[in-house]
Amino acid sequence: MLRGQSKTYGTTTRFVLFGIWIAAIISCITLTGNEISKHRVTATKTEKHSLTIQPTDTLYVNLFSDDLQDPEWVFKKNYTLNKLIEEIGEDRQRLAISIKKSNDLNSLLEIRASAKGGNQNRAQNNVKDIVYNWELNEQTLYLDRFTNTIKLNDLNSKHIALTLRLSEGQAIHLSNNLREYMSYPVKNDQGFKSSKTTGYFWKMGSNELECLNCPTSQSKLRVQYQNEEGDEKLHLKVDEDGIHLKTK
């Protein structure tokens, strides 16, 4: 473009466009550097709350209803940038829930809030700004989705990690609306992935969750063949571990 072979633009116009191109590159580098510097340090704050529920009672875990949380009136300017921020924010996983056995006699809700900042003080202040809403109403534990309006400088910088620490023998039911928030580890006797544990009743055993109403697995098959003398010649077993075949 600058060699003078183009007849479309004059010399002055070509140099102006070249200057704009250089300025755009410098701006991108500067913005990227500033964004990285804002996220150099991660601060984490942990709170533990005892859940006042009897081990003989079932703990129901659910999300707050949208009707309870959303205000009657909502106003926002329909800028294209706002729409982009909302779309990006929806794809960010800002809330994760896991279940472990409690080391105490009581069940606990552990809340770990984390935020990033350019230095320790900024990261710490960002964590202090995080307010996570939850409520235990009789036997139901209501949790917040933590998907409030996302500011541009908050993208991928603030997170909440919830850990339900259940006492041995505590029964629990996980609502299906928790599926996308369930995170490893949720150890269970069915070998389910964490996201597959919702919708069932469980009891905390000595080391893992024990399902109380899971359907019997239909993926198990066992075939044995014996000859006329009663000696086993073929043993075929198919289960969640794969196919096992023994011949004699």
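The values are calculated or read from the model by the stated rules, or taken from the named source; none is laboratory data. Keep in mind that what you see is a predicted model, and the values were worked out from it rather than measured. Cβ coordinates were reconstructed from backbone atoms using ideal geometry, including for glycine residues, and neighbour counts include every protein chain displayed.
Side notes on the structure shown:
- Test set (1) among the polar types (S, T, N, Q); (2) modelled with pLDDT of 75 or more; (3) not assigned by TED's automatic domain parsing to the domain that holds Lys101 - Ser27 fails condition number: (2)
- Contact annotation: residue pairs with Cβ atoms under 8 Å, 6 or more positions apart or on different chains, pairing a residue in the range 52-76 that is loosely packed, with under 10 Cβ neighbours inside 10 Å and of a type in the set (D, E, K, R) with a partner that is assigned to a helix (DSSP H, G or I) and at pLDDT below 80, are Lys76/Asn82.
- Taken residue by residue, the range 165-177 has at least one member that is surrounded by fewer than 17 Cβ atoms within 10 Å (Cβ to Cβ) and within 18 Å of Thr56 (Cα to Cα).
- The residue that is modelled with the highest pLDDT, counting only those in the range 30-47 that are of a type in the set (A, V, I, L, M, F, W, C) and touching a helix residue (DSSP H, G or I) at 6+ places or on another chain (Cβ under 9 Å), is Ala43.
- Top-ranked residue in the range 114-138 [being surrounded by fewer than 14 Cβ atoms within 10 Å (Cβ to Cβ) and polar (S, T, N, Q); ranked as nearest to Lys48 (Cα to Cα)]: Asn133
- Test: residue in the range 199-210 that is in the same structural domain as Leu105 (by TED's automatic domain parsing), on the phi > 0 side of the Ramachandran plot and surrounded by fewer than 16 Cβ atoms within 10 Å (Cβ to Cβ): yes
- Qualifying residue in the range 217-236 (condition: at pLDDT below 90, surrounded by fewer than 16 Cβ atoms within 10 Å (Cβ to Cβ) and under 30 Å from Ser167 (Cα atoms)): yes
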